[in-house]
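Let me begin by presenting the structure, written as structure tokens, before commenting on it.
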Amino acid sequence: MDIDLITNILYAMIRTGTPLLIVALGELICEKSGVLNLGQEGMMLMGAVIGFIVTLLSGSLLLGFMLAIIAGVLMSLIFGLITMELSANQVATGLALTIFGTGLSAFIGSDYVGKPIEGLDPIFISGLTDLPIIGRMLFGQDLVVYLSFILFAAAYWFVNYSRPGLVLKAVGENPHAANAIGLPVFKTRYLAIMFGGAMAGLAGGYLSLAYTPLWAENMTAGRGWIALALVVFASWKVGRVLLGAWLFGLASILHLVFQGLGFSVSPNLLAILPYLATVVVLVILSSNQARSRLVAPMSLGNPFYAKG
Amino acid sequence: MKRRQFNKLVTGLAAGVCLTALSSLSVQAAEPLKVGFVYVGPIGDHGWSYQHDQGRLSAEAVYGDKIKTTYVENVAEGADAQRVIYNLAKTGHDLIFTTSFGFMNPTLKVAKQFPKVAFEHATGYKMAKNVGTYISTTFEGRYVAGYVASQVTKSNKIGYIASFPIPEVIRDINAVQLALNKYNPDAELKVIWVNSWFDPGKEADAANAMMDQGVDVILQHTDSPAAMQAAERRGAYAVGQASDMSSFGPNAHLLSVVDEWGPHYINTIKAVMDGTWKPKANVEGMKEGAIVIPSFNESIPADVVAHAKELIAGIKDGSVYPFAGPIKNKAGELIVPEGTRLSYEDLEKMNWYVEGVQSDIPQ
């Protein structure tokens, strides 16, 4: 393996991990508030299709990304209304949201299949981007990748060091206690759900506007589900989400690179690595009751009844 | 509205529908031929199902109001397919096309119940009294693409994004390798399996991984135009699959190997209208207009385009056949002796690489 190849692998690792990182950050914040939203895939697809159509019609990538985020938020609000106001089962509602988003995005986007747009290009800083090994990885990405770094830092600070982050965790651990001391359970959960939707919309937009600038039905191809697995893999720790997303990115890139180099590693084996890693982490987490209680938010998946 | 009233209304409506249906039966001669299509994917995939739907539309364009077409997209292979096909047959469709391998048994089961309806199943191998099959020989187009790739590559590294190791895909990889063996034995074919028919992100990643390793021409047996876009961004060449992908890479697009189902649908519909339709195993390629290469990139040298067109003409008149002997397998054993040809039945079961392919077939 030469230096160029390593440079390119590291570059692709970050790029591939970015949509996963963005969705997983959103889902992590959402789950921290005690809400399990399995609708990532549906929200991502809506973000992808809306972002693509807006950019195609307006020519503005910025507008495309903004409306992709708004589409994600609106989708998450559907989930929010059903699970919060009607106290519906979160798992069923989330699955329904994915099915709904998949169908609706296909319906909206049917006239836009096969139309190309100018996607978001990576930036190039002379001097820095040329650096061997880390040059392209750190200084040759597109703007959304840098935004994901900022989002990560912000989420890390928010969850671990801020007071609203403490409120979020309190609501997720024990909403009744939080309610009793006057914390706004509903408001916190709504905001967390909306943040999850915004991140899914952004990641969807990233896929259709930067990663592969095109729209095709079901183009997320399961990335929303990988992000859900990532949150578990990270055992609900923000720092580990970053690590996990990039590791997943690396695994999926290596699986392709090795084949090109002619290594006789089964591509099937390499393809299941991310899922295998998640299962292993789940096994480790659940091997010990006390440990598993420590990591997942206690009220995850349970609806909250204000009067109950 | 009370429940009883509601029931009455429904019954009334149903009776009305029945009456309309009866009255339409009496004037059946003037009725259009009803043709049903069952697709495995969304018509928005810009690939397999999209091309079948384009075929349906071109048949509509030819016959106008003499036919009435119905399509059902996103039909899962298995029990669901049987229900969809049954419904089409039940609602008076005279001819039904089922367009995915996994619809084979459901089609046969429904066909037994509707002996007067004509069925045609794409890519399958089982037939019945009223079930024919049709398939197109994509390897002809891939052979031509392999030739063009062998001439335009500067790095002598050609990439192939493959979906699943099934005979159809292995056969087409072999067709490309045979073209390389013949026209540029120094060129190396790198195959990357992505284990998916459709995952734009992964296809783009595979294309990028190949270009990182010096590949400058990319072929694919997956359905999204993502690899074409990736090649366009980095100044490489790519070959489009199933549909014309030139709009995704005006500079990168060497050519597309396009499935044209229109001619088959038009001919079959005519045969059913005339009452001459009989179930057949239709294998159609460039000769029948089922495999088309609509355009060549202007940057391809004129003599290469000219020879590619000669190849196409040769394939059409039968003088060129990609799988004509001598063909050796990867280990160097002579499998197809000089003077013989692999038959279509052999190609349908192909599970070995020809000499020259670098990697192994994933197990």
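Going by neighbour counts of Cβ atoms within 10 Å, the residues A:LEU10, A:LEU191 line up, fewest first, as A:LEU191, A:LEU10.
Calculated [222 nm] ellipticity per residue, helices only, for chain A: -23000 deg cm²/dmol; basis is -39500 (n - 2.57) per DSSP H run with n ≥ 4, divided by all residues, nearest 500. Summing charges over all other residues whose Cβ lies under 11 Å from the Cβ of B:VAL40, with Lys and Arg as +1 and Asp and Glu as -1, gives -4. For segment B:20-136, what log10 I(q)/I(0) values come out of the Debye formula at q = 0.14, 0.18 1/Å, with one point per alpha carbon and no solvent? These q points yield log10 I(q)/I(0) values of -0.56, -0.91. Kirkwood Rh and Cα-based Rg: tell me the resulting Rg over Rh for segment B:200-307, rounded to two decimals. Answer for segment B:200-307: 1.12. Each residue in B:HIS121, B:HIS253 was given a count of other beta-carbon atoms within 10 angstrom of its own, and listing them fewest first yields B:HIS253, B:HIS121. For B:TYR237, nonlocal amide neighbours, meaning residues 5 or more places apart or on other chains whose placed amide H falls under 5 Å from its own, are B:VAL217, B:ILE218.
Amide H to amide H distances under 5 Å link B:TYR134 with B:HIS121, B:ALA122, B:THR123, B:GLY124, B:ASN282, where only residues 5 or more positions off or on other chains count and H is placed in the peptide plane.
Peptide packing: for B:97-108, B:125-136, the average count of neighbouring Cβ atoms within 10 Å per residue gives the ranking B:97-108, B:125-136, highest mean first.
Residues of segment B:213-253 with the amide nitrogen closer than 13 Å to a label point 7 Å from the Cα of B:SER58, along Cα-to-Cβ, please. Correct set: B:243-244.
Phi-derived couplings, Karplus 6.51 cos²θ - 1.76 cosθ + 1.60 at θ = phi - 60°, listed residue by residue for segment B:231-242: 5, 4, 5, 10, x, 9, 9, 8, 10, x, 10, 6 Hz, with x used for Gly and Pro. Take every DSSP beta bridge whose two residues both sit in segment B:20-136; close to 5 percent of them are antiparallel.
Take every Cα pair under 8 Å in chain B that's 6+ residues apart, average their separations, divide by the length, and report that relative contact order as a whole percent. Normalised by residue count, the contact order of chain B is 16 percent. Sequentially through segment A:90-97, phi angles give Karplus couplings (6.51, -1.76, 1.60; θ = phi - 60°) of 5, 5, 5, 5, x, 4, 4, 5 Hz, Gly and Pro residues having no value and appearing as x.
Spin-label model, A:PHE186/A:LEU74: points 7 Å from Cα along the beta carbon direction are separated by 2.4 nm. Between B:ARG83 and B:GLU333, the modelled labels are 4.8 nm apart [label points 7 Å from Cα along Cα→Cβ]. The C-alpha atoms of chain A occupy a region whose extents along the principal axes are 61, 47, 37 Å, arranged from largest to smallest. Normalised by the number of residues in segment B:20-136, the average gap of Cα pairs under 8 Å and 6 or more apart makes the relative contact order 24 percent. Once you divide the Cα radius of gyration of segment B:112-168 by 2.2 N^0.38 Å, the number left is 1.82.
Among the listed pairs B:LYS66/B:LYS126; A:LYS115/B:LYS270; B:LYS190/B:LYS328; B:LYS116/B:LYS316; B:LYS280/B:LYS349, those with a Cα-Cα distance over 25 Å are B:LYS66/B:LYS126; A:LYS115/B:LYS270; B:LYS116/B:LYS316.
Which stretch or stretches of segment A:147-177 have amide N atoms under 18 Å from the point lying 7 Å from A:LEU131's Cα along the Cα→Cβ direction? Answer for this model: A:147, A:149-150.
Only the Cβ atoms of Lys and Arg (+1) and of Asp and Glu (-1) were treated as charged; on that basis the dipole of chain B about its Cα centre amounts to roughly 1820 debye. Backbone phi angles across segment B:61-73, fed through the Karplus curve with coefficients 6.51, -1.76 and 1.60 (θ = phi - 60°), yield HN-Hα couplings of 5, 6, 9, x, 8, 6, 10, 10, 9, 10, 10, 10, 9 Hz in residue order; Gly and Pro are listed as x.
Ordering B:VAL283, B:VAL258 by the number of other Cβ atoms within 10 Å of each residue's own Cβ, fewest first, gives B:VAL283, B:VAL258.
If you line up the long axis of helix A:143-161 against the longest principal axis of chain A, both from Cα atoms, how many degrees apart are they, to the nearest 10? That helix lies at roughly 30 degrees to the long axis. Of all lysines in the structure, those lying under 28 Å Cα to Cα from A:LYS237, and not within fewer than 8 positions of it along the same chain, are A:LYS32, A:LYS169, A:LYS187, B:LYS202.
For B:LYS129, the aspartates and glutamates whose Cα comes closer than 19 Å to its Cα, not counting residues fewer than 8 places off in the same chain, are B:ASP94, B:GLU120, B:ASP274. Could you give the angle, 0 to 90 degrees to the nearest 10, between helix B:200-212's Cα long axis and the longest principal axis of the Cα atoms of chain B? The angle comes out near 10 degrees. Derived value for chain B: Kirkwood hydrodynamic radius 22.1 Å. Basis is the mean of 1/r over every pair of different alpha-carbon atoms. In this structure the amide hydrogen of A:PHE304, modeled in the peptide plane, comes within under 5 Å of no amide hydrogen from residues 5 or more places off or on another chain. Could you work out how far helix B:3-26 tilts from the main Cα principal axis of chain B, as a 0 to 90 degree angle to the nearest 10? Once rounded, the angle reads 70 degrees. The alpha-carbon atoms of the protein assembly as shown, seen along their principal axes, cover 84, 79, 50 angstrom, with the largest extent given first. So what is the relative contact order for chain A, in percent, with contacts set as C-alpha pairs under 8 Å and at least six apart? Relative CO of chain A lands at 36 percent. Each of B:PRO115, B:SER49, B:PHE103 was placed along the dipole of segment B:20-136 (beta-carbon charges, centred on the mean Cα), and the one lying farthest toward the positive end is B:PRO115.
The label point for B:SER247 and the one for B:GLU348, both projected 7 Å from the Cα toward the Cβ, are 3.6 nm apart. If you run the Gaussian network model on chain B, springs between alpha carbon atoms under 10 Å, then out of B:THR268, B:THR70, B:THR276 the most flexible one is B:THR276.
Each value in this text was obtained by applying a stated rule to the coordinates, not by laboratory testing. If you're wondering where the values come from, they're calculated on a predicted model, not measured in any experiment. Every residue, glycine as well, gets a Cβ built from its backbone with ideal geometry; the counts of neighbours run over all protein chains shown.
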